[in-house]
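Participant: Could you have a look at this structure, given as structure tokens, before my questions?
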Amino acid sequence: QVQLVESGGGLVQPGGSLRLSCAASVSKDIFNFATMGWYRQAPEKERELVATITSGGTENYADSVKGRFTISRDNAKNTVYLQMNSLKPEDTGVYYCNLRRILWVSGNYWGQGTQVTVSS
């Protein structure tokens, strides 16, 4: 059973930094061939894409976070990270980890989310 567990969320002041982690309980082969992503959902808003990283390391970011956020992955640990710098109040929301599987069968899997609150 695929499990994605996010961690690292919390309360941070505007301009501060936070590092999110997502640990995937899948085989290393599945993880290594998967595109990983981070999405977020603010109160009363639709879930939106924040960043993705392909199996080859190609990164994609929402315009609102370019230059401030960095997505990375450690295939040896089945883990994806989101380094968030220069945080703004509008970054507040629940951040979800996503795994898009392409090896053997296709599928999308989601974590339960971790709360990020940017406030003074």
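The values are calculated or read from the model by the stated rules, or taken from the named source; none is laboratory data. Keep in mind the model is a prediction, meaning the values are calculated, not measured. As a convention, Cβ positions derive from the backbone with ideal geometry for all residues, glycine included, and neighbour counts pool all protein chains shown. Ligands, DNA and RNA are stripped out before the accessible areas are found, and what is left, the full protein with its side chains, is counted by its heavy atoms. Shrake-Rupley method; radii C 1.70, N 1.55, O 1.52, S 1.80 Å.
Participant: Just to be sure, is S21 free of Cβ contacts under 8 Å to residues at least 40 places away in the same chain, under 18 Å from S7 (Cβ atoms), hydroxyl-bearing (S, T, Y) and in contact with a Phe, Trp or Tyr (Cβ under 6 Å, 6 or more places away or on another chain)?
Facilitator: No: the conditions fail for S21.
Participant: While we're on this one: Which condition breaks for C97 when tested against (1) open to solvent by less than 80 Å² (accessible area, probe 1.4 Å); (2) part of a loop (DSSP other than H, G, I, E, B)?
Facilitator: (2)
Participant: Also, quick follow-up: If I ask for residues that are farther than 19 Å from E6 by Cα, among the acidic types (D, E) and touching a residue at least 12 places away in the same chain (Cβ under 8 Å), which ones from segment 29-63 would you list?
Facilitator: D29, E59 - these are the residues of segment 29-63 that are farther than 19 Å from E6 by Cα, among the acidic types (D, E) and touching a residue at least 12 places away in the same chain (Cβ under 8 Å).
Participant: Continuing with the same structure: Which of the residues belonging to segment 83-104 are within 10 Å of the chain's Cα centre (by Cα) and under 16 Å from A34 (Cβ atoms)?
Facilitator: Y96, C97, N98, L99
Participant: Out of contact with any Pro (no Cβ under 8 Å at 6 or more places or on another chain), farther than 14 Å from L99 by Cβ, assigned to a loop (DSSP other than H, G, I, E, B) and open to solvent by 50 Å² or more (accessible area, probe 1.4 Å) - does that describe any residue in segment 14-35?
Facilitator: Checked segment 14-35: at least one residue is out of contact with any Pro (no Cβ under 8 Å at 6 or more places or on another chain), farther than 14 Å from L99 by Cβ, assigned to a loop (DSSP other than H, G, I, E, B) and open to solvent by 50 Å² or more (accessible area, probe 1.4 Å).
Participant: Name every residue in segment 49-94 that is assigned to a strand (DSSP E or B), open to solvent by less than 80 Å² (accessible area, probe 1.4 Å) and charged (D, E, K, R), in order of residue number.
Facilitator: Listed by number, the residues that qualify are R73, D74.
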